Amino acid sequence: MKKRFSLSIATVLVVTTMMSASAQTTITNDSVIVLNLDKALTIALSESPTIKIADIEVQKKDYSKRETIAGLLPKIDASASYQRAIKKQRMYMSGKAFDMGAMMGEYLGPLYDALGVPFPETGGSDDSSSANEGFEVGLDNTYSMGFSASLPIIAPQLWKSVEITSLDIQTSLEAARSSRLSLINEVQKAYYNVLLCQDSYNVLRDQYDNAKLNAETYANQYKQGTASEYDVLRSDVAVRNIEPTLLQAENAVKLSKLQLKVLMGIDETINIVINDYLQNYEKDMYDVTLSINRSLDNNTDLRQLDLQTKMLQKSATLQKFAYIPTLAAQFNYNWISMSDGGIFDNFRFNPYSTVAVALNIPIFSGGSRYYKVKQAQANVAQMGFQRENLIRALDMQVEAQLDAITKSIKQINSNKLGVQQAEKAYAIMQKSFEIGSATFVSLNDAELALTHARLAYSQAIYDFLVGVSDVKKILGTTDISKYEPQDDNNK
């Protein structure tokens, strides 16, 4: 019996010490907070950094969608430039088209012939200065500035990208919902763990008080000569043996509260008081069990997978739209000035503008567009198989949790009866011990049996509550709005 008692205490301590997280300080107004489960969940959803990170991620996706939509609007840019010619370009001209003598002979030759006057000889193009030396082109200073605007008229891929970003936002919202469901599940289990540790501490404290009472009884009997010194020493040793376990249980309560404060996102220096007991949840266990709906429609993992599948389907359509021509309008309005001399001399700005329509028709790309479509279609097929595996895994998890809940209910009923019997047996043994008809060993065995029965009873209720919390997380049926703060600006 003593060995089973030690194992129960060890279980409580292991469950408590295995929990860990990092705290976030947000509440500093109150030094003491009286908590119940609903209040703990409300504070957690308001103060937890995990939820704030998820909400910021939703905002980021919204900004990404706005960025994509901005691609459908006109794009206007302004530009300005200055260019100084250090060495001007030199041009050379040759040929009959640039031979002035030949040109004059061609047009004036017939006139000279009619007058009977010989046409004067001129140098050919090969002897001209333009052919031999060339001439410089351009001016020293060139200024230009203006505005340009472009607008997509037909852009199928851009239109489809907007739809994909909308699905991306829905995926982020579902991920934020998943974070809330996970946090609610963790806070609930941490809260139940505090109740378990408190109940365990109370049971051990009752055992300690009973041991002290028995030790005092033996001391009084020893003074009266009805008990031996050995009995007195043994009862004192029993009290001292319980003290370390009681201290461990007290430390377990502190650690469990610290875990709960970490998950709630409040400072560890704030004291929390929980006037609640696991036994308070026993009366509703049948109604809670019968209300569980096994449908996976609200499972957050399945919903995220479906949204990702829709995104991949639209991505496949996006790749097909690469075959469609695109049309864009362009407009430019510029001013240009060219001058010789100083940088700020002789400004002569002249405006000019253009309007254009650009049509891009994809013809051949080496098959890259075709294989991109095939890759997108393969991704969609993969998601279909992943969905099948996920449904099987979720069905198995739900079935296992429901079996564990059913087992816990049976265990609660059995342990509750065991507690009643152990309490009755201990009361009989206590009376027998007081009148001297029972030994200390018999009383100690009855007390250990009662302690073990109470711990097992509390553990069974804890297992039931944890199982219900886990199955609700899997099914996604937790009513998050019930715990959402009314002034939450991040929703």
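List of remarks:
- Strands (runs of 3 or more DSSP E) (entirely within the range 257-371) containing at least 1 residues that are buried (at least 17 other Cβ atoms within 10 Å of the Cβ), out of contact with any helix residue (DSSP H, G or I) (no Cβ under 9 Å at 6 or more places or on another chain) and polar (S, T, N, Q): 326-339
- Condition check for Ile474: at pLDDT 85 or above, buried (at least 17 other Cβ atoms within 10 Å of the Cβ) and over 30 Å from Glu229 (Cα atoms): yes
- Inter-residue pairs, beta-carbon under 8 Å, first in the same structural domain as Met311 (by TED's automatic domain parsing) and in the range 357-381, second of a type in the set (Asp, Glu), 6+ apart: none
- Lone qualifier among Ala211, Ala219, Ala149 - being over 30 Å from Leu465 (Cβ atoms), not assigned by TED's automatic domain parsing to the domain that holds Ala460 and not acidic (Asp, Glu): Ala149
- Just one of the listed residues (Thr406, Thr326) is among the β-branched types (Val, Ile, Thr), modelled with pLDDT under 95 and closer than 30 Å to Asn293 by Cα, and it is Thr406.
- Test: residue in the range 359-379 that is touching a strand residue (DSSP E or B) at 6+ places or on another chain (Cβ under 7 Å) and small (Gly, Ala, Ser): no
- Among residues of the range 207-225 being under 15 Å from Lys431 (Cα atoms) and of a type in the set (Ser, Thr, Tyr), the one that is modelled with the highest pLDDT is Thr217.
- Residue in the range 385-403 that is of a type in the set (Gly, Ala, Ser) and modelled with pLDDT of 90 or more present: yes
- Selected residue [within 25 Å of the chain's Cα centre (by Cα) and not aromatic (Phe, Trp, Tyr)] from Thr309, Thr326, Thr269: Thr309
- So Ala227, is it aliphatic (A, V, I, L, M), touching a helix residue (DSSP H, G or I) at 6+ places or on another chain (Cβ under 7 Å) and not in a helix (DSSP H, G or I): yes
- Output for the range 311-355, where each listed residue is under 30 Å from Leu158 (Cβ atoms), among the hydroxyl-bearing types (Ser, Thr, Tyr) and in contact with a strand residue (DSSP E or B) (Cβ under 6 Å, 6 or more places away or on another chain): Thr326, Tyr333, Ser353, Thr354
- Residue check: Arg392 meets all listed conditions (1) touching a residue at least 24 places away in the same chain (Cβ under 8 Å); (2) under 30 Å from the mean Cα position of the chain (by Cα) but one, namely (1).
- Residue within the range 348-355 that is among the hydrophobic types (A, V, I, L, M, F, W, C), more than 30 Å from Asn298 (Cβ to Cβ) and either outside the structural domain of Asp470 (by TED's automatic domain parsing) or at pLDDT 90 or above (or both) present: yes
The values are calculated or read from the model by the stated rules, or taken from the named source; none is laboratory data. Here the structure is a predicted model, which is why all the values come from computation and not from measurement. Counting neighbours? That spans all protein chains shown, and the Cβs are built from the backbone with ideal geometry, glycine included.
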